[in-house]
Amino acid sequence: MNKKNIRFLIVEDDEMIRLIHKDFLKDLYPGSEIIEAENGAQGICHYFENHPNIILLDMMMPIMGGEAFLDILEEGHQCNILKDKPKIIVVTAIKEVKELMNIGKRFAVEAVISKPLVQNQLKSLLKDWIS
Amino acid sequence: MINLTLPKNDDFMAAPVFEIEKALNRIHNKKELLERVVDIFVKSLHERKDILENELNNENWETLGTIAHSIKGSSWTIGAQKLGNIAYEMEKAADLKELTRFRRLFQIFQTAAQEFIEFDKKF
Amino acid sequence: MNNILIIEDESVTRMMYRNYIRKIVPHYSIYEASNVLKGICLYFDKHPQLILLDMIMPGYNGKLLIDILEEGIKKKILSFKPKIIVISAIETVEELTELTRLLTVSTVMPKPLPFETLAEILKIHLTIDNINEE
């Protein structure tokens with residue numbers, strides 16, 4: 001992945017957290033495009049319409065959450081309809097270890113980070129992927 | 001598991017109200033951004049408080065749990081540790097549909113929310 | 001690009017829809033999904049002009065697709081808007097009103113589907129001049 005044509009998708013219902021993520025990503029990758037979604041439903045639309053490379057995904061959201069988002073992508077992948085495989089970083093306030101582990105095993109999920117987000121974790125992950 | 005003792009304000013005394021330093025660290029010491037972020041947070045506290053009141057009257061446990069979870073996440077993100085801890089307890093109470101416990105926690109939450117707002121005003 | 005999407009979990013029912021639609025509009029490509037998750041992926045991949053959507057299915061139900069499209073239209077994210085025919089065993093007036101209030105739903109049909117009406121509906125929504133009504 002080249003830092004010149006990176007497209008991020010932030011799927012997060014909390015406006016404040018979206019703002020913090022966006023600000024952080026803009027600082028790290030000023031040339032990148034950053035798309036925002038307030039819930040999983042908007043997230044799915046943006047995913048299929050705009051093909052982001054990297055997705056920051058919250059789990060609990062109104063209307064549609066991260067679980068359904070991941071289920072849709074997984075089904076698409078299994079049926080060979082999905083054209084690409086994004087890198088998903090789940091950022092969640094879920095605390096139950098078992099749940100977190102299960103999320104980590106999901107299709108396209110590269111990492112599960114607990115809220116509050118420690119930005120250095122995110123920074124080193126992204127550095128590994130983006131040249 | 002039923003909690004026989006109702007929570008009190010004191011249970012959450014140890015947690016800091018607003019760890020500004022931590023919050024600033026998280027956003028690379030951008031004071032202006034912090035102000036914007038706190039504004040949005042306070043606005044969302046008011047909104048969510050109203051929604052919680054409504055949903056509590058209708059005992060919509062799923063919604064109550066989701067909102068408590070949201071408050072937990074954003075409170076911890078902004079360094080409002082105490083509020084986040086209370087919201088966490090609210091989330092757990094909503095999962096177990098414990099009305100009395102949730103009501104009490106909601107009262108504590110409202111007090112703590114006010115405390116945060118005052119704290120923020122001072123700094 | 002002439003595509004129709006059928007989202008229905010019961011394979012026999014699905015086959016009946018498929019065969020019937022194929023006779024009416026043989027020049028359309030028909031895509032099928034036995035669950036709404038696959039249906040969502042097919043919608044974005046094939047951009048069908050028309051979707052026959054069963055509301056009650058095991059696992060996720062038809063509402064998931066509707067929620068996604070409603071949000072997509074609300075936020076102007078969608079490049080393509082299909083017409084959705086919802087097939088549902090509606091029990092109450094409230095259910096019916098709720099469904100028809102939605103932006104994405106064109107028609108609500110009862111289950112079991114009266115096939116005679118389906119021909120008329122296809123004609124209207126696909127704006128075809130002459131169709132094979134045998």
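Counting every pair of alpha carbons in region C:3-126, the share spaced more than 19 Å apart comes to 43 percent. Using alpha carbons only, the radius of gyration of the protein assembly as shown set against its Kirkwood radius gives Rg/Rh = 1.03. For a straight C-alpha distance cut-off of 22 angstrom, the lysines reachable from C:LYS83 (same-chain residues fewer than eight places away being disregarded) are C:LYS23, C:LYS38, C:LYS46, C:LYS63, C:LYS74, C:LYS75, C:LYS111, C:LYS123. Counting only Cα atoms, chain B measures 43, 26, 21 Å along its principal axes, largest extent leading. Its Cα centre serving as origin, chain C has a Cβ charge dipole (Lys and Arg +1, Asp and Glu -1) of approximately 520 debye. With contacts taken as Cα pairs under 8 Å and at least 6 residues apart, region C:3-126 reaches a relative contact order of 24 percent. Counting neighbouring beta carbons within 10 Å and listing from fewest to most, the residues C:THR97, C:THR104 come out as C:THR97, C:THR104.
About the centre of its Cα atoms, chain A shows a dipole size close to 620 debye [charges on the beta carbon of Lys, Arg (+1) and Asp, Glu (-1) only; nearest 20 debye].
Between B:GLU59 and C:LYS83, the simple label model (points 7 Å from Cα in the Cβ direction) yields a spacing of 4.6 nm. Output the pairs from A:LYS22/B:LYS30; A:LYS127/B:LYS72; A:LYS95/A:LYS127; A:LYS95/A:LYS115 with a Cα-Cα distance over 19 Å in this structure; if there are none, say none. Check vs 19 Å cut-off fails for A:LYS127/B:LYS72; A:LYS95/A:LYS127.
Every number here is computed from the coordinates shown, using simple stated rules; none is lab data. Because the structure is a prediction, the values reported are computed rather than measured. All Cβ positions, even for glycine, are placed from backbone atoms using ideal geometry, and neighbour counts span all protein chains on display.
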